[in-house]
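One structure is given below, encoded as structure tokens.
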Amino acid sequence: MSDLSNKDNNEHPYGSGVFRRRIKINCRDSSVEVLLEDDNHGFQLCLNHDGNAVTGIDVNPIRYPYDTCPAAIDKLTALVGQPLSALEELSSVTKARLHCTHLFDLLQLAIDYSEHSDTDHQYDIVIPDEIDGLQKGSISLDGEIIHDWLASNNMLVAPPNLKGQPLMRGFYAWAQELIPDHQRRAAEALQRGFIVSTSRRVDMENFADQPVNTQIMPVGACHSMQPGIVEGAQRNRGVVRDFTDTEELLLKFQ
């Protein structure tokens, strides 16, 4: 692998740092606010509802990799008016890759928690850099670890009951079969974390203010990578953060 790991905004070169993602869910009677921040992203999303249907979807994109990302918001707001029951599995209604996948996931979480009120929840994803071909990753909910995985070459090595399962293509099929329903959303969030954590290997500032490099992100992977959009997309400058030693800054959106 090429040595592109030293970033201007990354104090820890690859092999010495940690990818962190925090998701906060604030549930109220007629709304669910979901906040996300990690090395490359900062989003705030609020789902408004009347208990039966979506009455509004408000999104504040704070930090995002491509200048085309905010346009994906319109694809989410098109779901306003839909019954909540019809959106229990968003992927059965619309394809994630047509959206900003991160906002898509946040809306799914908001829908999951729409029956809750006056409760707050927090997911924390922690993925240290790969060392000697092995990479750990965990996700906790309200301080309790839900999944703790060890991966090698995009395949799970541990826990034993998941050994040999792929983290990329084929993930959702086995996750649906092997992971209990109440733990599946956390597993999906951790898998997303493994994918995004690979960005720590690359100095994204080398690509700032330039057309998107489709060798890093494949065409069709998300809204900004769709044909007809990717051709005009550019990488934003100064959007990378390093939370290796500063997890307390997550969701401060600095």
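Test of understanding: among TYR123, TYR113, which residue is touching a Cys at 6+ places or on another chain (Cβ under 9 Å) and surrounded by 14 or more Cβ atoms within 10 Å (Cβ to Cβ)?
Numbers: TYR123 fails: touching a Cys at 6+ places or on another chain (Cβ under 9 Å).
Answer to the selection: TYR113.
All of (1) at pLDDT below 95; (2) closer than 20 Å to GLY133 by Cα hold for LEU156 with one exception: (1).
Summed over the range 172-188, residues that are touching a Leu at 6+ places or on another chain (Cβ under 7 Å) and closer than 10 Å to ILE146 by Cα total 1.
Using the structure shown, decide if GLN191 is within 15 Å of the chain's Cα centre (by Cα), surrounded by 15 or more Cβ atoms within 10 Å (Cβ to Cβ) and in a strand (DSSP E or B).
Numbers: within 15 Å of the chain's Cα centre (by Cα): yes; surrounded by 15 or more Cβ atoms within 10 Å (Cβ to Cβ): yes; in a strand (DSSP E or B): no.
So GLN191 fails the test.
Elements of the type strands (runs of 3 or more DSSP E) sitting completely within the range 11-71 and holding at least 3 residues that are within 21 Å of GLN254 (Cβ to Cβ) and of a type in the set (Lys, Arg): these cover 18-28. Only a single item in (1) within 22 Å of VAL18 (Cα to Cα); (2) surrounded by fewer than 15 Cβ atoms within 10 Å (Cβ to Cβ) is not met by VAL202, and it is number (2). All conditions in (1) more than 19 Å from the chain's Cα centre (by Cα); (2) surrounded by 18 or more Cβ atoms within 10 Å (Cβ to Cβ) hold for LYS163, with the sole exception of (2).
Within the set ASP120, ASP124, ASP142, ASP132, the sole residue that is acidic (Asp, Glu) and over 20 Å from ASN26 (Cα atoms) turns out to be ASP132.
Report yes if LEU103 is of a type in the set (A, V, I, L, M, F, W, C), closer than 15 Å to GLN191 by Cα and surrounded by 15 or more Cβ atoms within 10 Å (Cβ to Cβ), otherwise no. Write out each step before concluding.
Details: of a type in the set (A, V, I, L, M, F, W, C): yes; closer than 15 Å to GLN191 by Cα: no; surrounded by 15 or more Cβ atoms within 10 Å (Cβ to Cβ): yes.
It is false that LEU103 is of a type in the set (A, V, I, L, M, F, W, C), closer than 15 Å to GLN191 by Cα and surrounded by 15 or more Cβ atoms within 10 Å (Cβ to Cβ).
Answer yes or no as to whether ASP118 is among the acidic types (Asp, Glu), surrounded by fewer than 16 Cβ atoms within 10 Å (Cβ to Cβ) and under 28 Å from HIS147 (Cα atoms). Full working, then the answer.
On the way: among the acidic types (Asp, Glu): yes; surrounded by fewer than 16 Cβ atoms within 10 Å (Cβ to Cβ): yes; under 28 Å from HIS147 (Cα atoms): yes.
Yes; evaluated as a whole, the condition is true for this residue.
Got at least one residue in the range 171-188 being touching a residue at least 40 places away in the same chain (Cβ under 8 Å), of a type in the set (D, E, K, R) and surrounded by 14 or more Cβ atoms within 10 Å (Cβ to Cβ)? Explain how you work it out, then say what you get.
Our first condition is that a residue be touching a residue at least 40 places away in the same chain (Cβ under 8 Å); within the range 171-188, this holds for 185-188.
Of the ones still in play, those that are also of a type in the set (D, E, K, R) are 185, 188.
Add one more test, that the residue is surrounded by 14 or more Cβ atoms within 10 Å (Cβ to Cβ), and what stays is 185, 188.
Yes, there is a match, as at least one residue in the range 171-188 is touching a residue at least 40 places away in the same chain (Cβ under 8 Å), of a type in the set (D, E, K, R) and surrounded by 14 or more Cβ atoms within 10 Å (Cβ to Cβ).
Within the range 68-95, how many residues are closer than 27 Å to GLU205 by Cα and either crowded, with 17+ Cβ neighbours inside 10 Å or more than 18 Å from the chain's Cα centre (by Cα) (or both)? Don't jump to the end; show me each part of the working.
Taking the range 68-95 first, the residues closer than 27 Å to GLU205 by Cα are 68-73.
Among the residues that remain, those that are also either crowded, with 17+ Cβ neighbours inside 10 Å or more than 18 Å from the chain's Cα centre (by Cα) (or both) are: 68-69, 72-73.
Qualifying residue count, the range 68-95: 4.
For the range 194-235, filtered to residues that are assigned to a helix (DSSP H, G or I) and of a type in the set (Lys, Arg), the residue that is nearest to the chain's Cα centre (by Cα) is ARG200. The residues in the range 28-56 that are at pLDDT 95 or above and either surrounded by fewer than 20 Cβ atoms within 10 Å (Cβ to Cβ) or charged (D, E, K, R) (or both) can be counted, and the count is 16. The lone criterion from (1) assigned to a helix (DSSP H, G or I); (2) in contact with a Gly (Cβ under 7 Å, 6 or more places away or on another chain); (3) not small (Gly, Ala, Ser) left unmet by VAL80 is number (1).
Within the range 73-86, residues that are touching a residue at least 60 places away in the same chain (Cβ under 8 Å) and over 19 Å from GLY51 (Cα atoms) sit with their Cβ atoms under 7 Å from residues that are among the hydrophobic types (A, V, I, L, M, F, W, C) and in a helix (DSSP H, G or I), at 6+ positions apart or across chains, in these pairs: LYS75/LEU98. Every condition in (1) within 30 Å of ASP112 (Cβ to Cβ); (2) assigned to a loop (DSSP other than H, G, I, E, B) holds for ASP245 except the one numbered (1).
The values are calculated or read from the model by the stated rules, or taken from the named source; none is laboratory data. For clarity, every value in this text was computed on a predicted model and none was experimentally measured. Methodologically, a virtual Cβ is constructed for each residue, glycine included, from the backbone with ideal geometry; neighbour enumeration extends over all protein chains shown.
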